[in-house]
Amino acid sequence: MTEPNRRPFIICQDLFKIYKRADLEVVALRGIDLVVQQGEFLAIIGASGSGKSTLLNILAGLDRPSAGRVWVGRRDLLAMTEADRIAYRRKEVGFLWQSAGRNLLPYLTAQEQVELPMALAGIGPFSRRKRARELLEMVGLGDKARRLPHQLSGGEQQRVAIAVAMANNPPLLLADEPTGELDTRTAEEVFRALKEVNRNYGTTIVLVTHYPGAGRWADRVVRIRDGRIASERLQLPSFRADEQAREEEFLVVDQVGRVQLPLEVVKGLGLTGRTRLIVQEGRAVIAPAQEEGHAR
Ligand code: ADP
Ligand code: MG
């Protein structure tokens, strides 16, 4: 898209999401501040459990934040009525899931998949046929319009899903690890299709990804760590493999200041019975209760 008329399209201010599960509170988002420009293609990276899907679901109107503010276009997502929310989800956001199976219906051809949301929106057969063709061309599948999902590769299915998500021309396209199940070459094709959509329609795209090549396609890559935006970078060629490895640490301090660790980590510590937290040379150490004396 052309640079001059860029303006903020998404604004997140101090966004919090707290999930309550039994006696445990999981703080999935802890003060997200993020601005996405109109027509920007933004990639979000971060370790599993860092809050990426939570953020995307809030932007999609599928979930509500616990605190903070969030605007998409002119809409205040917290102030929406239920009717607004339904209209928003139908017309103003396209969503692409990781699994192609979740994006497509098994018994419809590519052409029919793309036409369906238009038919539901009341668009006539001639217009929707034309637009479906145009969208399938754009994602590089003009010649496969008559195929059923099982006659397409995983990457091709995801490209059909992009065309479906764009059927009613939403200004925002959200994608949660859309290439998570694909190999590198196929992932590149999906990114190319997303870039085409972004360029041709000026669609704002927010995508969660683990794909290291994402930085070549996105305008900007931001990292989310423990429910916060950890770093923002512009035009990153590709994020580094060692940084990805470091992402795997995971630590949550909940609202009342308790540290929460994933169960695998706790099991890996080989702790049995009661556990104590000891402060040793300025570091917090978790140890079995009986070792407390030695540690001091
Ligand atoms: P990511 O997409 O980065 O892997 P998520 O947004 O799915 O992370 O999850 C962030 C945190 O919130 C994780 O600790 C996860 O277990 C927790 N979480 C996500 N959804 C729920 C839910 N519905 N109920 C309780 N906890 C949840
Ligand atoms: Mg996720």
Nitroxide proxy distance, nm - points 7 Å out along Cα→Cβ at residue 133 and residue 76: 4.6 nm
statement: Looks like the stretch 137-206, by Cα gyration tensor root eigenvalues a ≥ b ≥ c and the a/c under 1.5 rounded cutoff (else prolate when a/b is bigger than b/c, oblate otherwise), is oblate
query: Leaving out same-chain residues fewer than 8 places away, which lysines sit with a Cα under 25 Å from that of residue 195?
result: 52, 91, 130, 144
field: Principal axis box of the stretch 3-53, alpha-carbon based, largest edge first, Å
entry: 50, 20, 11
- prompt: Taking 0.36 nm per intervening residue step and subtracting the Cα-Cα distance, what contour gain separates residue 87 from residue 14 on full extension?
  reply: 23.7 nm
field: Three-way shape call for the stretch 6-160 based on the alpha-carbon gyration tensor, with the a/c threshold at 1.5
entry: prolate
query: Hey, how many Å between the Cα centroid of the stretch 104-120 and the Cα centroid of the stretch 46-70?
result: 28 Å
task: Rank these by accessible area, largest first, 1.4 Å probe: 211, 19.
output: 19, 211
- line: Low-density loop GluC sites (Glu not before Pro), the stretch 112-178, at most 14 other Cβ within 10 Å, DSSP non-H/G/I/E/B, are none
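With a 1.4 Å probe and all protein chains in place, put 20, 195 in order of accessible area, largest first. Please report the intermediate quantities before stating the final value.
Numbers: 20 150, 195 30 Å².
Correct descending sequence by accessible area is 20, 195.
Starting from the stretch 53-114, pick out the trypsin sites (Lys or Arg not before Pro) whose DSSP state is loop and whose Cβ has at most 13 other Cβ atoms within 10 Å. Before the final figure, lay out each step's value.
Values: sites: 69, 74, 75, 85, 89, 90, 91, 102; in loops: 74.
For trypsin sites (Lys or Arg not before Pro) across the stretch 53-114 that sit outside H, G, I, E and B with at most 13 neighbouring Cβ atoms in 10 Å, the list reads 74.
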- line: From most to least accessible, 1.4 Å probe, no ligand or DNA/RNA atoms counted, 23, 176, 14 line up as 23, 14, 176
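Quick one: if the Förster radius is 30 Å, what FRET efficiency do residue 7 and residue 112 give, using the C-beta to C-beta distance and rounding to 0.05? If you can, show how the numbers build up before the last one.
Working: r = 37 Å, r/R0 = 1.23.
My answer for the efficiency is 0.25.
Give me the dipole magnitude in Debye, nearest 20, for the stretch 126-232 about the Cα centre, with unit charges on the beta carbon: positive for Lys and Arg, negative for Asp and Glu. The partial results should precede the final answer.
On the way: 18 positive and 14 negative charges, 89 e Å.
I would put it at about 420 debye.
The values are calculated or read from the model by the stated rules, or taken from the named source; none is laboratory data. Predicted model, so just to flag it, every value in this text is computed and none were measured. Quick reminder, even Gly has a Cβ in these numbers, built from the backbone with ideal geometry, and neighbours come from all protein chains shown. Note: accessible area is taken over every heavy atom of the protein model, side chains too, but ligands, DNA and RNA are not part of it. Shrake-Rupley method; radii C 1.70, N 1.55, O 1.52, S 1.80 Å.
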